[in-house]
Amino acid sequence: MSQSVSTIGVGYVGVSTSVGFAAKGCKVLAYDKDLAKTNLLIEGLSPFYERELEEHLQRVRRDGFFEIASNVEEAVKNTDITFVTVGTPSRADGTINLDYIKASTTDIGKALVKKEGYHLVVVKSTVIPGTTVNMVKPLLEKTSNRQCGEDFGLCMNPEFLREGSGLYDTIHPDRIVIGEYDRKSGDTLESLYNHFHREEKPPIVRTNLSTAELIKYANNAFLATKISYINSIANICEKIPETDIKTVAKAIGLDKRINPKFLRAGLGYGGSCFPKDLKALIAFSKQNNYHPSLLKAVQKVNQQQIDHVIDRIETQLGELTNKKICLLGLSFKPDTDDMREARSIPIINQLLAKGARIAVYDPIAISNAKVIFGNEVEYASSVPECLENSECCILVTEWSEFKELEPEDFIKKMKTPLLVDGRRIFDPEIFGQKLKYVAIGLGPPKIG
Ligand code: UGA
């Protein structure tokens, strides 16, 4: 591959993008101001957990396709295309903080001053519509004293990677969205992807910068909407004897216009993306005098799902003071140790406020959870230890090791076996007969 690539920011998007391009034979230079992260990468270790990522990382390091730059100038000067993959965290009012975008854009601009020939800058970070054209472009022009379109190109290329499968999603995207400042910028980026996806080329949507930015938000907001929608129907199921959301979701998912994905009812969505992106899209809409009622309802349903599950526990147990409740799974989804906006957080906070004693177990997120809960909860190192003497168990994250559990595992250890299946992983026929089994979206049994 002739083009070489640099990435600024080695969060999961930066690492997945870097390792993905390097695995396809492209020379990659990555930079991050956080030396702790880049030092790990130099050692072939990932700064976050993702199955099999380190194997690929070590291979591309060994083959010399993935190097770490010690500053942005080195990264820009020695490559043809620079991807901006820095974080855009939420501010208290829901808008996004663009400090990292501004800082990296400034550094790239300064590096362009010393660079011979054409260079393409690609914003991959999630940014609100208008950011690339109204902020990144003028800042690059000011700091480089060069002109966008003439001396350097500019694209906005959103990513749709899921945490935990970032590398797989980089290599097998459903589509590629290229927002371009001008045709040359778009052609340059498309040719990089043409090489990347030589064997099986995904559809490529070429558009302008702001549309590409909006596509990212619209995509995540739609997926979050599907989740809140199915959770609303799940709550209706709970009012109708002998209904089950899983059957409803399966049947509606078979409608090709709906499709089966993101129809798993449960405790709602968490993570570093859906909550943040929804907040940002709502804040952006309001700033532009549009009140997005649907998006606000999606958020509200997601929050209410937690109150709903706590209500159901109180209906079963009464007062929660001093009752031991245990949680299986803490991370926002399985196969990650990421606790950002995890559903376990509001559940634990509400239960603690009601005086319950909490024990928790997660296969890998315990150390991150300790930062959040300190010594307010008991940390168990196994499922049986977590269940010991508890009066209620809430299945919060559907790790595969929990799917192996049998009713007896709960009965043997718990003081009163009440199981709340927050992710619908257990069979109601089997569990419903042997213990008190409360499940999201499961209607009551037939009366009489
Ligand atoms: C999400 C999107 O899926 C990615 O396409 C996007 O690139 C990424 O955000 C991002 O913006 O960077 P991610 O946050 O890693 O990816 O997680 P998902 O696998 O989408 O799950 C998000 C949450 O929804 C999890 O808490 C999960 O438990 C929940 N979920 C998912 C459900 O409750 N039901 C479902 O049917 C699916």
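The values are calculated or read from the model by the stated rules, or taken from the named source; none is laboratory data. Being a predicted model, the structure only gives us computed values, none of them experimental. All Cβ positions, even for glycine, are placed from backbone atoms using ideal geometry, and neighbour counts span all protein chains on display.
Across the stretch 257-273, which residue is nearest to the ligand (Cβ to nearest atom) among those that are of a type in the set (Lys, Arg) and closer than 25 Å to Tyr12 by Cβ? That would be Arg264. When each of Ile425, Ile364 is tested for being within 21 Å of Asn302 (Cβ to Cβ) and either outside any helix (DSSP H, G or I) or in contact with a Gly (Cβ under 7 Å, 6 or more places away or on another chain) (or both), the lone residue that passes is Ile425. Within the stretch 113-131, residues that are in contact (Cβ under 8 Å) with a residue 40 or more places away in the chain reach partners that are hydrophobic (A, V, I, L, M, F, W, C) and part of a loop (DSSP other than H, G, I, E, B) with beta carbons closer than 8 Å, at six or more positions or on different chains, in the pairs Ser125/Val86; Thr126/Cys273; Val127/Leu98; Thr131/Leu98. Quick check: is even one residue across the stretch 281-293 within 8 Å of the ligand (Cβ to nearest atom), within 30 Å of Val86 (Cα to Cα) and of a type in the set (A, V, I, L, M, F, W, C)? No, the stretch 281-293 contains no residue that is within 8 Å of the ligand (Cβ to nearest atom), within 30 Å of Val86 (Cα to Cα) and of a type in the set (A, V, I, L, M, F, W, C). When the residues of the stretch 428-443 are narrowed to those that are surrounded by fewer than 23 Cβ atoms within 10 Å (Cβ to Cβ) and assigned to a loop (DSSP other than H, G, I, E, B), which ends up farthest from the ligand (Cβ to nearest atom)? Here the residue is Leu435. Within the stretch 1-24, count every residue that is at pLDDT below 95, hydroxyl-bearing (Ser, Thr, Tyr) and in a loop (DSSP other than H, G, I, E, B). Result for the stretch 1-24: 1.
Output yes when any residue across the stretch 66-77 is assigned to a loop (DSSP other than H, G, I, E, B), surrounded by 20 or more Cβ atoms within 10 Å (Cβ to Cβ) and in contact (Cβ under 8 Å) with a residue 12 or more places away in the chain, and no when none is.
yes
Somewhere in the stretch 179-186, is a residue under 17 Å from Ser18 (Cβ atoms) and over 17 Å from the mean Cα position of the chain (by Cα)?
Within the stretch 179-186 (the criterion being under 17 Å from Ser18 (Cβ atoms) and over 17 Å from the mean Cα position of the chain (by Cα)), the answer is no, since none of the residues qualifies.
With the structure loaded, tell me whether Asn302 is modelled with pLDDT of 95 or more and away from the ligand (no atom under 16 Å from the Cβ) or whether it fails that test.
no
Kindly check whether there is at least one residue in the stretch 311-321 that is of a type in the set (A, V, I, L, M), surrounded by 20 or more Cβ atoms within 10 Å (Cβ to Cβ), within 23 Å of Thr416 (Cβ to Cβ) and away from the ligand (no atom under 12 Å from the Cβ). Scanning the stretch 311-321, I find at least one residue that is of a type in the set (A, V, I, L, M), surrounded by 20 or more Cβ atoms within 10 Å (Cβ to Cβ), within 23 Å of Thr416 (Cβ to Cβ) and away from the ligand (no atom under 12 Å from the Cβ), so the answer is yes.
Filtered by the rule that a residue be under 20 Å from Gly266 (Cβ atoms) and either crowded, with 24+ Cβ neighbours inside 10 Å or of a type in the set (Ser, Thr, Tyr) (or both), the stretch 381-394 gives Cys392, Cys393, Ile394.
Comparison of Arg183, Arg198, Arg146 shows that the only residue that is modelled with pLDDT under 95 and either among the acidic types (Asp, Glu) or more than 16 Å from the ligand (Cβ to nearest atom) (or both) is Arg198.
Only one of these is touching a strand residue (DSSP E or B) at 6+ places or on another chain (Cβ under 8 Å) and either more than 25 Å from Ile227 (Cβ to Cβ) or not assigned by TED's automatic domain parsing to the domain that holds Asp337 (or both): Leu419, Leu395, Leu435. Name it.
Leu435
Per the conditions (1) part of a helix (DSSP H, G or I); (2) of a type outside the set (Phe, Trp, Tyr); (3) more than 18 Å from Thr397 (Cα to Cα), the sole criterion not satisfied by Lys246 is (3). The residue that is farthest from Asn322 (Cα to Cα), among those in the stretch 367-397 that are in contact with a Gly (Cβ under 7 Å, 6 or more places away or on another chain) and part of a loop (DSSP other than H, G, I, E, B), is Thr397.
Here's the yes/no breakdown for (1) among the small types (Gly, Ala, Ser); (2) closer than 21 Å to Ile348 by Cβ; (3) outside the structural domain of Glu401 (by TED's automatic domain parsing):
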{"site": "Glu238", "(1), (2), (3)": "no, no, no"}
{"site": "Asp244", "(1), (2), (3)": "no, no, no"}
{"site": "Gly253", "(1), (2), (3)": "yes, no, no"}
{"site": "Lys256", "(1), (2), (3)": "no, no, no"}
{"site": "Pro260", "(1), (2), (3)": "no, no, no"}
{"site": "Gly268", "(1), (2), (3)": "yes, yes, no"}
{"site": "Asn302", "(1), (2), (3)": "no, yes, no"}
{"site": "Ile306", "(1), (2), (3)": "no, yes, no"}
{"site": "Glu319", "(1), (2), (3)": "no, yes, no"}
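For the stretch 219-238, how many residues meet the condition of being within 18 Å of Ala251 (Cα to Cα) and either not in a helix (DSSP H, G or I) or not basic (Lys, Arg) (or both)?
Residues that pass the stated criteria total 12.
Here Cys237 meets each of (1) closer than 25 Å to Lys333 by Cβ; (2) within 15 Å of the ligand (Cβ to nearest atom) with one exception, condition (2).
Can you find, within the stretch 335-357, the residue that is farthest from Arg162 (Cα to Cα) among those that are among the aliphatic types (A, V, I, L, M) and surrounded by 20 or more Cβ atoms within 10 Å (Cβ to Cβ)? This residue is Ala356. For the stretch 25-46, the tally of residues that are in a helix (DSSP H, G or I) and acidic (Asp, Glu) stands at 0.
I'd like the residue in the stretch 149-175 that is surrounded by fewer than 19 Cβ atoms within 10 Å (Cβ to Cβ) and more than 15 Å from the ligand (Cβ to nearest atom) and, out of all such residues, is nearest to the chain's Cα centre (by Cα). So, considering only residues that are surrounded by fewer than 19 Cβ atoms within 10 Å (Cβ to Cβ) and more than 15 Å from the ligand (Cβ to nearest atom), the one nearest to the chain's Cα centre (by Cα) is Gly149.
Does Gln316 qualify as being assigned to a helix (DSSP H, G or I) and over 24 Å from Glu388 (Cα atoms)? In short, no. What number of residues within the stretch 250-280 are in contact with a Gly (Cβ under 9 Å, 6 or more places away or on another chain), charged (D, E, K, R) and outside any loop (DSSP other than H, G, I, E, B)? So the answer is 2.
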